[in-house]
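The values are calculated or read from the model by the stated rules, or taken from the named source; none is laboratory data. The model shown is predicted, which means the values in this text are computed figures rather than measured ones. Positions of Cβ are backbone-derived with ideal geometry, glycine not excepted, and every protein chain shown enters the neighbour counts. Remember, those area values only see protein heavy atoms, side chains included, never the ligands or the DNA or RNA. Shrake-Rupley method; radii C 1.70, N 1.55, O 1.52, S 1.80 Å.
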Amino acid sequence: MHKWLAGLLLMCLAVTAQASLQVVATTSAMGMLAQTVGGDAVTVRVLASPDRDAHYLQARPSMMAALRGADLVVAVGADLEVGWLPAAIQGAANPALNPGRPGYFEAAAQVALIDVGGPADRSLGDVHPAGNPHVNMDPVRMAEVAHALAERLSLLVPEDAARFRANAEAFADKVEARLPAWQARVSGAPGVVFYHKDADYLALRLGVPVLGYVEPVPGVPPTARHLRDLVRDLTGRDGIVIRAVHHAERGPRFVAQQLDWPLHALPLDPPLGADAEAYLALIDQWVEAMAGNAR
Amino acid sequence: MAMRRLPLPAALLLLTLSGVYAQEPPSGSTLAGAAMTPLPALGGERVSSGSAFNPDISVIIDTVYLNEFSGHVGTPAGFGGGHDHGHDHGHDHDHGHGLEEGFNFRSAELTFTASVDHYFDALLTLHLDEDHVEVEEAYITTRNLPAGLQIKAGKFLSDIGYINAQHTHDWAFVDRPLVNEYLFGDHGLQEKGVQLTWTPKTAFYSVFGLELLQGETTGIASYEGHGEGKPFSDKSGPRLITGFAKLAPDLGHNHAAQFGLSYGHARAFQLSDFNDHGDHSHRLSWDGNAWFAGVDAVYKYDAGRSFGHGDWVVQGEYYRREIDVDFRNNQRPPVSDIARQDGLYVQTVYGIAPRWQFGVRADALGMTNRNTLQWMGHGHQGYESFGTSYRYAANLTFRPTEFSLLRAQVNRTDFADEDDHDEDGWAVMLQFQVALGVHGAHRF
């Protein structure tokens, strides 16, 4: 009977054998990481356009088609994609990607998260009691994720394990090399007001104080009262307002004008098909914006 | 190893159920027995707020205020039978959605979902109103079938068309499209049975499905069976078989479209309307079989602005049904003929501002509308063609967050009646809906 099983196994493997490992990443930052670590052993497709809010996508049929043929899905995780990824995986009818299987990888599950264990109470907004999911904005955590991803890829393509590990190491080295310059650039930075808690990891990593958020609670657009309170609390201070490109401009602009602070609109994800350099350039942009006039 | 002691049939069954093993990556194959043992959960699999072992629970509470401020319409001509409210003839109170004038607690929908084990996921949706608990859906789906196959078994909303499988809270309008309500039933095509779908590995998305269903939906597979003086014979289930195909080209990040075809055949259609009291005494029955076919299309545009601002959804569906029956009116000899009816709706929703949506919908029912006369006193006993009924709706929806919505809708109803007159009416509906519990993922 074992021969039967082995035969069946071989047959199925032969049918599904492909030149490269098919990886589907939810966001372009995850796509960058999969490409960087996987090199030419992987083919990467990204589901979410980088100018979109990954909270609010819909499970589109094209996502299901991509997931149907995938060997590995690389998600940010911690419920960031909860509104669409489970439905897309369900619709793809590809059991290899079920959570718990090697084909399902969440970045947030590989690193320590901030804001873990907050109350699961939606009067506090669209909260993530599992922790802040936006780990892609911390290059150091991304380097940790790269190592974990290298291990996962090694499980799927054992013959390329050494290459994956070397690629992850190279990425971690690049991050490490830039870290001192980033820290130096923002030392003495006055602090930032973000629109959403989507860049907290970066601010925390570089020691830049987060002075407030434009939205009153996560997932709710700014109210006049909240903006007035924010401006009142911050009047007389120096700082910078940064919003992600997909956020509405009005609220952040109001705060920036009232306080006479600079306002920046930056993408949270690198362009589609970005390499590690493009991702690090994105972090450069954020660092430059957070630094303000600090010298 | 335990497998060694299993008899061959049992081992084969296990192998079938666990088809995924055959797809296992070659990873652990150097370890003895690795291919036969589920891989242990790899450290730090997934971070989620779903609670361990308890099913995920969500509750959706739906309240509606209705005011028919001008006119009142009954049942559209030609659709009196084959519909739950058919026996209300003469006093068509609630035309369809069961709403009364004034405040309505329409439902609380309670959904539990969980993985049963390595092989199955399960879902249970209870539909609670003030007096009743109904099982809206209760089914298991397979997790591990290979080759893009999935099996669903239990009681479920059929996946034919687009809107049929959606729950009330997924709709962009307060009420169900007429074609879905009158060609199928108050809950659409909702049946007990089993469904097999196949999602091939193609560059664009496609899914093909086959459903074997018990056949109880009043509009297409009404079934009464032998008994209580009914002129029917028993027919065992499954009595309804449906098939569907959905195709979706890849239109990039901003656009999405899906096109579907569906078909169904019921080998029994049995309906009776006996009234032995008073002046209106009659005994009517319909006995035969039925089929339906339909097309559906949906297009969505994602403008990429915040909170749905600038997004479009356009969708439409058309269905036709034919019921081939012997119609008996009291003791007269039966008349054999075919009732042919169809209907469609087209709707579009546009995000006029962040969190605000404006929608319009047009319903037409019975462009072809040949059916038996339902009520006596007409001096007929056969088939007749009726006029077309129309309904137009416009609404405005405000979604403070993903978890609540406020909706105002105006309906203009222009129904044909059986005497070839029009019945006109205007109604306004206000809806308030909230979702508690886990964050559900919406299908396309």
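Name the residue that is surrounded by the fewest Cβ atoms within 10 Å (Cβ to Cβ), counting only residues in the stretch B:201-224 that are more than 8 Å from chain A (Cβ to nearest Cβ) and assigned to a loop (DSSP other than H, G, I, E, B).
B:GLN214
Taking the stated definitions as given, is A:ARG141 of a type in the set (Lys, Arg) and more than 30 Å from A:GLY118 (Cα to Cα)?
In short, no.
Farther than 22 Å from B:GLY185 by Cα, touching a Leu at 6+ places or on another chain (Cβ under 9 Å) and not β-branched (Val, Ile, Thr): which single residue out of B:SER285, B:SER233, B:SER206, B:SER272 fits that description?
That would be B:SER206, the only listed residue that is farther than 22 Å from B:GLY185 by Cα, touching a Leu at 6+ places or on another chain (Cβ under 9 Å) and not β-branched (Val, Ile, Thr).
Show the residue pairs meeting these rules: Cβ distance below 7 Å; 6+ apart or different chains; first residue within the stretch B:245-256 and under 25 Å from B:ALA293 (Cβ atoms) and more than 7 Å from every other protein chain (Cβ to nearest Cβ); second residue among the aliphatic types (A, V, I, L, M) and open to solvent by less than 50 Å² (accessible area, probe 1.4 Å).
Correct list of pairs: B:LYS246/B:VAL207; B:PRO249/B:ALA257.
Take A:PRO267 and decide whether it is under 23 Å from A:ARG52 (Cβ atoms), open to solvent by less than 50 Å² (accessible area, probe 1.4 Å) and at pLDDT below 90.
no
Within the stretch A:113-129, does at least one residue satisfy the condition of being part of a helix (DSSP H, G or I) and crowded, with 23+ Cβ neighbours inside 10 Å? Outline the logic, then answer.
Kept after step one, since they are part of a helix (DSSP H, G or I), are these residues of the stretch A:113-129: A:122-124.
From what is left, the residues that are crowded, with 23+ Cβ neighbours inside 10 Å are none.
So far as the stretch A:113-129 goes, no, none of its residues is part of a helix (DSSP H, G or I) and crowded, with 23+ Cβ neighbours inside 10 Å.
Which of the following residues is away from chain A (no Cβ under 14 Å), under 27 Å from B:TYR65 (Cα atoms) and of a type in the set (Phe, Trp, Tyr): B:TYR318, B:TYR345?
After ruling out the rest, the residue left standing is B:TYR345.
Kindly provide the set of residues from the stretch A:15-25 that are more than 8 Å from chain B (Cβ to nearest Cβ), closer than 22 Å to A:SER154 by Cβ and either open to solvent by 40 Å² or more (accessible area, probe 1.4 Å) or modelled with pLDDT of 95 or more (or both), ordered by number.
A:ALA17, A:GLN18, A:ALA19, A:GLN22, A:VAL23, A:VAL24, A:ALA25
Within the stretch B:271-308, how many residues turn out to be open to solvent by 40 Å² or more (accessible area, probe 1.4 Å), under 21 Å from A:ASP53 (Cα atoms) and not hydrophobic (A, V, I, L, M, F, W, C)?
3
For A:ALA108, all conditions in the list (1) part of a helix (DSSP H, G or I); (2) more than 10 Å from chain B (Cβ to nearest Cβ) hold save one; what is the number of the exception?
Unmet condition: (2).
Considering only the stretch B:256-270, I want to know if a residue exists there that is in a loop (DSSP other than H, G, I, E, B), farther than 30 Å from B:VAL313 by Cβ and open to solvent by less than 40 Å² (accessible area, probe 1.4 Å).
No; the residues of the stretch B:256-270 include none that is in a loop (DSSP other than H, G, I, E, B), farther than 30 Å from B:VAL313 by Cβ and open to solvent by less than 40 Å² (accessible area, probe 1.4 Å).
Looking at A:ALA294 and the list (1) open to solvent by less than 20 Å² (accessible area, probe 1.4 Å); (2) modelled with pLDDT of 90 or more; (3) out of contact with any Pro (no Cβ under 6 Å at 6 or more places or on another chain), which single condition is not satisfied?
(2)
Hey, among B:ALA52, B:ALA35, which residue is modelled with pLDDT under 80, open to solvent by less than 50 Å² (accessible area, probe 1.4 Å), within 13 Å of chain A (Cβ to nearest Cβ) and outside any strand (DSSP E or B)?
The conditions single out B:ALA35.
Here's the yes/no breakdown for (1) on the phi < 0 side of the Ramachandran plot; (2) part of a helix (DSSP H, G or I); (3) of a type in the set (A, V, I, L, M):
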{"residue": "A:GLY219", "(1), (2), (3)": "no, no, no"}
{"residue": "A:VAL231", "(1), (2), (3)": "yes, yes, yes"}
{"residue": "A:GLY236", "(1), (2), (3)": "no, no, no"}
{"residue": "A:VAL241", "(1), (2), (3)": "yes, no, yes"}
{"residue": "A:ALA248", "(1), (2), (3)": "yes, no, yes"}
{"residue": "A:PRO252", "(1), (2), (3)": "yes, yes, no"}
{"residue": "A:PRO271", "(1), (2), (3)": "yes, no, no"}
{"residue": "A:ALA278", "(1), (2), (3)": "yes, yes, yes"}
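Looking only at strands (runs of 3 or more DSSP E) that fall completely inside the stretch B:377-444, which ones have 1 or more residues that are among the hydroxyl-bearing types (Ser, Thr, Tyr) and either within 14 Å of chain A (Cβ to nearest Cβ) or within 23 Å of B:THR168 (Cβ to Cβ) (or both)?
Filter on the stretch B:377-444 gives B:389-401, B:404-416.
Only residues that are in contact with a His (Cβ under 9 Å, 6 or more places away or on another chain) and either buried (at least 21 other Cβ atoms within 10 Å of the Cβ) or in a loop (DSSP other than H, G, I, E, B) (or both): list them for the stretch B:180-200, please.
Selection gives B:GLU181, B:TYR182, B:GLY185, B:HIS187.
Could you count how many residues in the stretch B:309-333 are touching a Phe, Trp or Tyr at 6+ places or on another chain (Cβ under 7 Å) and open to solvent by 70 Å² or more (accessible area, probe 1.4 Å)?
Result for the stretch B:309-333: 1.
For residues that are at the interface with chain B (Cβ under 9 Å from one of its Cβ atoms) and modelled with pLDDT of 90 or more, tally how many sit in the stretch A:114-133.
1
What residue, of A:GLY100, A:GLY39, is in a loop (DSSP other than H, G, I, E, B), surrounded by fewer than 20 Cβ atoms within 10 Å (Cβ to Cβ) and either at positive phi or of a type in the set (Ser, Thr, Tyr) (or both)?
Checking each option against the conditions leaves just A:GLY100.
Which one of these does B:PHE244 not meet: (1) more than 23 Å from B:GLY80 (Cβ to Cβ); (2) open to solvent by 50 Å² or more (accessible area, probe 1.4 Å)?
(2)
May I ask you to verify whether B:GLN374 is modelled with pLDDT under 85 and either of a type in the set (Ser, Thr, Tyr) or open to solvent by less than 50 Å² (accessible area, probe 1.4 Å) (or both)?
When the stated conditions are applied, B:GLN374 passes them.
Which ones in the stretch A:173-230 are β-branched (Val, Ile, Thr) and open to solvent by 20 Å² or more (accessible area, probe 1.4 Å)?
Across the stretch A:173-230, the qualifying residues are A:VAL210, A:VAL217, A:VAL220, A:THR223.
Within the stretch B:167-176, can one find any residue that is assigned to a loop (DSSP other than H, G, I, E, B) and either open to solvent by 40 Å² or more (accessible area, probe 1.4 Å) or within 14 Å of chain A (Cβ to nearest Cβ) (or both)?
The answer is yes, given that some residue of the stretch B:167-176 is assigned to a loop (DSSP other than H, G, I, E, B) and either open to solvent by 40 Å² or more (accessible area, probe 1.4 Å) or within 14 Å of chain A (Cβ to nearest Cβ) (or both).
Just a yes or no: is a residue in the stretch A:90-103 more than 10 Å from chain B (Cβ to nearest Cβ), of a type outside the set (S, T, N, Q) and more than 17 Å from B:ALA203 (Cα to Cα)? Steps first, please.
Filtering the stretch A:90-103 down to residues more than 10 Å from chain B (Cβ to nearest Cβ) leaves A:97.
Now drop any that are not of a type outside the set (S, T, N, Q), which leaves A:97.
Filter again for more than 17 Å from B:ALA203 (Cα to Cα), leaving A:97.
Yes, the stretch A:90-103 has at least one match.
For the stretch A:64-80, give me each residue that is part of a loop (DSSP other than H, G, I, E, B) and either open to solvent by less than 10 Å² (accessible area, probe 1.4 Å) or among the aliphatic types (A, V, I, L, M) (or both).
A:ALA70, A:VAL76, A:GLY77, A:ALA78, A:LEU80
Which condition number does A:ALA244 fail, the rest of (1) open to solvent by 10 Å² or more (accessible area, probe 1.4 Å); (2) of a type outside the set (Val, Ile, Thr); (3) closer than 25 Å to A:GLY118 by Cβ being met?
Among (1) open to solvent by 10 Å² or more (accessible area, probe 1.4 Å); (2) of a type outside the set (Val, Ile, Thr); (3) closer than 25 Å to A:GLY118 by Cβ, the lone unmet condition for A:ALA244 is (1).
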